[in-house]
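The values are calculated or read from the model by the stated rules, or taken from the named source; none is laboratory data. Owing to the predicted nature of the structure, the values given are computational and were not obtained by experimental measurement. All Cβ positions, even for glycine, are placed from backbone atoms using ideal geometry, and neighbour counts span all protein chains on display.
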Amino acid sequence: MTILDRAFALGIPLVPRPILRRLSQRYVAGEHRDAALALGHQLSSANYCLTFDVLGEAVSNQEDVTGALQEYRALFDDLRTQDLELNLSLKPTQMGLLLGESFCTDSVSTLVSLAAAEGGFVRYEMEDSPTTDATLRVFLQLHKEHGNHVGCVLQSMLHRSRKDLESLLSDCPGLNVRLVKGIYVEPADVAFQTMGEINESFLGLARQTLQGGGFLGAATHDPVLVKGLRELLEENPEWKNRFELQVLLGVGEELRRECLDAGLPVRVYIPYGAKWLPYVQRRLRKNPKLARYAFFGLFKKRDSIA
């Protein structure tokens with residue numbers, strides 16, 4: 001972490017709300033569901049796959065979990081009636097993980113049941129390392145109940161991910177994994193600290209997933225990793241039907257178009273909701289390097305959809 005990164009991160013609380021709102025517009029569809037749905041139609045018409053994410057995390061009371069569930073149900077109904085892909089993504093602590101594993105399991109299971117009935121899918125995400133064990137225990141219970149209508153997330157920066165993946169592939173045939181680098185600042189005894197180590201771990205986990213019969217959603221905007229993933233698929237063309245590239249809204253747009261034009265499935269994550277401000281602030285505090293990227297993002301507009 002550079003001094004410059006720290007300076008940008010420390011300055012985040014001083015940034016006026018209107019400027020943070022402008023910053024968020026590149027990476028967040030909007031505060032309301034209609035904005036996300038409209039963007040979904042544009043992306044779908046350009047042949048991108050979609051995932052919708054209602055912003056929210058670190059929930060500490062049941063009322064907020066209930067509110068998130070209500071919004072996800074309304075979103076699900078709109079996706080169904082508007083013939084958009086039934087693919088949702090949610091955070092463990094948004095669904096009540098901090099209130100107890102059983103409570104969280106029940107909350108997420110409600111949404112997975114809705115999705116499963118319509119052939120849809122729910123991505124149960126991963127947060128920082130102190131929540132990893134509980135997150136995986138909840139996921140295993142969800143997978144036991146709903147099979148591959150629910151998928152998990154693993155972070156290549158964590159030392160433990162190789163063993164976690166090995167166990168998950170054994171316990172969950174056809175496992176659907178979203179593989180990310182990880183955005184959280186973690187200590188050296190928990191996580192790799194250099195980009196070279198994180199990238200090497202990423203490609204190793206990608207190979208492990210596909211060799212183990214899993215479906216890989218490779219979430220990256222790193223050209224080095226994309227090159228490595230494409231080489232992996234060229235060496236093993238039988239894996240191509242169990243692979244997709246996943247990208248965040250407003251990030252790596254040129255690269256995503258290049259991959260789509262090359263015939264790779266590309267999924268775009270579409271976050272929205274009233275919780276955009278804590279989402280932006282928390283992300284920038286968790287990883288000061290993002291603060292610098294975000295600052296320079298103020299001077300860029302989101303690219304066209306195509």
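Exactly one residue out of 88, 79, 97 is crowded, with 21+ Cβ neighbours inside 10 Å, more than 28 Å from residue 260 (Cβ to Cβ) and either modelled with pLDDT of 95 or more or not hydrophobic (A, V, I, L, M, F, W, C) (or both), and it is 97. Checking each residue in the stretch 164-205 for being under 16 Å from residue 229 (Cβ atoms), surrounded by 15 or more Cβ atoms within 10 Å (Cβ to Cβ) and either under 16 Å from the mean Cα position of the chain (by Cα) or without any contact (Cβ under 8 Å) to a residue 12 or more places away in the chain (or both) picks out 177, 178, 179, 180, 181, 202. Across the stretch 20-48, which residue is modelled with the highest pLDDT among those that are among the hydroxyl-bearing types (Ser, Thr, Tyr) and either surrounded by 18 or more Cβ atoms within 10 Å (Cβ to Cβ) or under 17 Å from the mean Cα position of the chain (by Cα) (or both)? Going through the qualifying residues, I end up with 48. Checked against the criterion of being outside any helix (DSSP H, G or I) and out of contact with any Pro (no Cβ under 7 Å at 6 or more places or on another chain), the stretch 63-79 has no qualifying residue.
The set of residues from the stretch 154-163 being aliphatic (A, V, I, L, M) and either in contact (Cβ under 8 Å) with a residue 40 or more places away in the chain or in a loop (DSSP other than H, G, I, E, B) (or both) comprises 154, 157. Are any of the residues in the stretch 234-246 assigned to a loop (DSSP other than H, G, I, E, B), modelled with pLDDT of 95 or more and at positive phi? For the stretch 234-246, residues assigned to a loop (DSSP other than H, G, I, E, B), modelled with pLDDT of 95 or more and at positive phi: absent. Go through (1) under 30 Å from residue 65 (Cβ atoms); (2) surrounded by fewer than 19 Cβ atoms within 10 Å (Cβ to Cβ); (3) modelled with pLDDT of 75 or more; (4) among the polar types (S, T, N, Q) for residue 281 and report which single condition fails. (3) is the only condition that residue 281 fails.
Of the residues making up the stretch 193-201, one or more are closer than 28 Å to residue 234 by Cβ, in contact with a helix residue (DSSP H, G or I) (Cβ under 8 Å, 6 or more places away or on another chain) and either among the acidic types (Asp, Glu) or assigned to a helix (DSSP H, G or I) (or both). Is there a residue being within 27 Å of residue 200 (Cα to Cα) and either more than 18 Å from the chain's Cα centre (by Cα) or not hydrophobic (A, V, I, L, M, F, W, C) (or both) anywhere in the stretch 76-89? The answer is yes, given that some residue of the stretch 76-89 is within 27 Å of residue 200 (Cα to Cα) and either more than 18 Å from the chain's Cα centre (by Cα) or not hydrophobic (A, V, I, L, M, F, W, C) (or both). Determine whether residue 81 is out of contact with any Ser or Thr (no Cβ under 7 Å at 6 or more places or on another chain) and closer than 20 Å to residue 34 by Cβ. Yes: the conditions hold for residue 81. Right, residue 250: at pLDDT 95 or above, assigned to a loop (DSSP other than H, G, I, E, B) and either more than 16 Å from the chain's Cα centre (by Cα) or of a type outside the set (A, V, I, L, M) (or both) or not? No, not satisfied. Does residue 258 meet the test of being modelled with pLDDT under 95, more than 19 Å from the chain's Cα centre (by Cα) and not in a strand (DSSP E or B)? In short, no.
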